[in-house]
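Let me begin by presenting the structure, written as structure tokens, before commenting on it.
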Amino acid sequence: MNTVLATNQLTKQYGNQRGIRDIQLELQSGDIYGLLGPNGAGKTTILKLITGLIRPDRGTVQLFGQDLTEHYEHGMRRVGCMIESADFHEFLTASQYLRLVSQFYPELTEKHREEVLDRVGLLAVRDRRIRGFSTGMKQKLALAAAILPKPEFVILDEPTNGLDIEGTVMFRELVKHCSEERGTTFLISSHMIHELEQLCSRVGIIFDGKLHTEGYVSELLEHNQSLEQFYIHELQQAKGGTVHV
Ligand SMILES: Nc1ncnc2c1ncn2[C@@H]1O[C@H](COP(=O)(O)OP(=O)(O)OP(=O)(O)O)[C@@H](O)[C@H]1O
């Protein structure tokens, strides 16, 4: 097994004393890892640090065995990500937007782009301007852009936000497809715990800026009725002895 991601003592404190502390995460090739935690726990902060959108105060991130800061472009070429709501050039059409993304990947063809648009359910509206898209449609386009270059590692922050029921099923199928066909590794932050229970091989619970616990979903389900039950139990425990960042 190859280690795709390893963080060591990853720490970031914002001016308001909030943030994350000493996060040790390790993802192996093929993992589908779900990041769970209450609002404000630090999930997005972790994903931003892993993708170099913000810098840590302390600690390191390794992607594919190489330090992120020393090999940023090389590492990130193998990563697809969707973090916070995407900021689109709204006057472009969906097709034009994916063509723009493709500039960095000369191997991608129109056929690739159409396949991906079809997979996320946007093929019929590919020539419409993004300006007229709903929140869910924009979310689907951001997903399409994240998986377009067939990255080995995909990082998704709240990917089902704004998606309707059909869209949520599409998302699940998409992750399964990438995982089964290509062995893509996923790190997904979400509040949709039932989705994560169906999709993830492992989960970690972030509470108050720290990695409170983690485990294999199959093992957790041997001792708990559902991931939700496990999560609520762990959260209650964490609240009993909270450590502030
Ligand atoms: N740029 C910032 N400046 C100051 N504080 C911030 C900043 N970004 C995040 N925070 C604070 O850091 C903490 C962690 O935020 P983060 O967005 O990582 O949480 P989250 O787990 O992703 O939450 P949610 O589930 O609500 O998206 C929160 O208390 C948040 O208010």
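The values are calculated or read from the model by the stated rules, or taken from the named source; none is laboratory data. In this text, all values refer to a predicted model and were calculated from it rather than measured experimentally. Virtual Cβ from ideal backbone geometry, glycine too; neighbours counted across all protein chains shown.
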- Message: I'm checking my understanding of the structure. Among residues of the stretch 1-39 that are assigned to a loop (DSSP other than H, G, I, E, B) and closer than 23 Å to Gly215 by Cβ, which one is nearest to the chain's Cα centre (by Cα)?
- Response: Asp31
- Out of the residues in the stretch 41-51 that are part of a loop (DSSP other than H, G, I, E, B) and within 8 Å of the ligand (Cβ to nearest atom), state the one that is farthest from the chain's Cα centre (by Cα). Ala41
- Item | Number of the exception - Phe88 against (1) crowded, with 17+ Cβ neighbours inside 10 Å; (2) more than 13 Å from the ligand (Cβ to nearest atom); (3) within 23 Å of Gly204 (Cα to Cα) | (3)
- Task: Those residues that are crowded, with 18+ Cβ neighbours inside 10 Å and part of a helix (DSSP H, G or I), I need them from the stretch 61-80; list them, please.
- Result: Gly75
- Task: Name every residue in the stretch 149-159 that is crowded, with 21+ Cβ neighbours inside 10 Å and not charged (D, E, K, R), in order of residue number.
- Result: Phe153, Val154, Ile155, Leu156, Pro159
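One line per residue, one yes/no per condition, for (1) assigned by TED's automatic domain parsing to the domain that holds Arg131; (2) modelled with pLDDT under 95; (3) within 15 Å of the ligand (Cβ to nearest atom):
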{"residue": "Leu5", "(1), (2), (3)": "no, no, no"}
{"residue": "Asn8", "(1), (2), (3)": "no, no, no"}
{"residue": "Asp57", "(1), (2), (3)": "no, no, yes"}
{"residue": "Gln62", "(1), (2), (3)": "no, no, no"}
{"residue": "Leu68", "(1), (2), (3)": "no, yes, no"}
- Query: Of all residues in the stretch 1-10, which are buried (at least 19 other Cβ atoms within 10 Å of the Cβ) and among the hydroxyl-bearing types (Ser, Thr, Tyr)?
  - Reply: Thr7
- Message: One residue is enough: does the stretch 32-40 have a residue meeting the conditions more than 21 Å from Ala142 (Cβ to Cβ), touching a residue at least 60 places away in the same chain (Cβ under 8 Å), more than 16 Å from the ligand (Cβ to nearest atom) and touching a Ser or Thr at 6+ places or on another chain (Cβ under 6 Å)?
- Response: no
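Residue-by-condition table, conditions (1) touching a residue at least 12 places away in the same chain (Cβ under 8 Å); (2) touching a Leu at 6+ places or on another chain (Cβ under 8 Å); (3) in a helix (DSSP H, G or I):
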site	(1), (2), (3)
Asp127	yes, no, no
Arg131	yes, no, yes
Gly136	yes, yes, yes
Gln139	yes, yes, yes
Ala145	yes, yes, yes
Pro151	yes, no, no
Ile155	yes, yes, no
Arg172	yes, yes, yes
- Task: Give the stretch 79-103 a look and list any residue that's free of Cβ contacts under 8 Å to residues at least 24 places away in the same chain and not polar (S, T, N, Q), or say none.
- Result: Asp87, Arg99, Leu100
- Message: With of a type outside the set (Phe, Trp, Tyr), in contact with a helix residue (DSSP H, G or I) (Cβ under 6 Å, 6 or more places away or on another chain) and either at pLDDT 95 or above or surrounded by 15 or more Cβ atoms within 10 Å (Cβ to Cβ) (or both) as the only criterion, which of Ile83, Ile46, Ile50 stands out?
- Response: Ile83
- Query: Can we say Thr109 is more than 16 Å from the ligand (Cβ to nearest atom) and not assigned by TED's automatic domain parsing to the domain that holds Arg129?
  - Reply: no
- Search result, residues across the stretch 180-211 that are modelled with pLDDT of 95 or more, away from the ligand (no atom under 16 Å from the Cβ) and of a type in the set (S, T, N, Q): Thr184, Thr185, Ser201
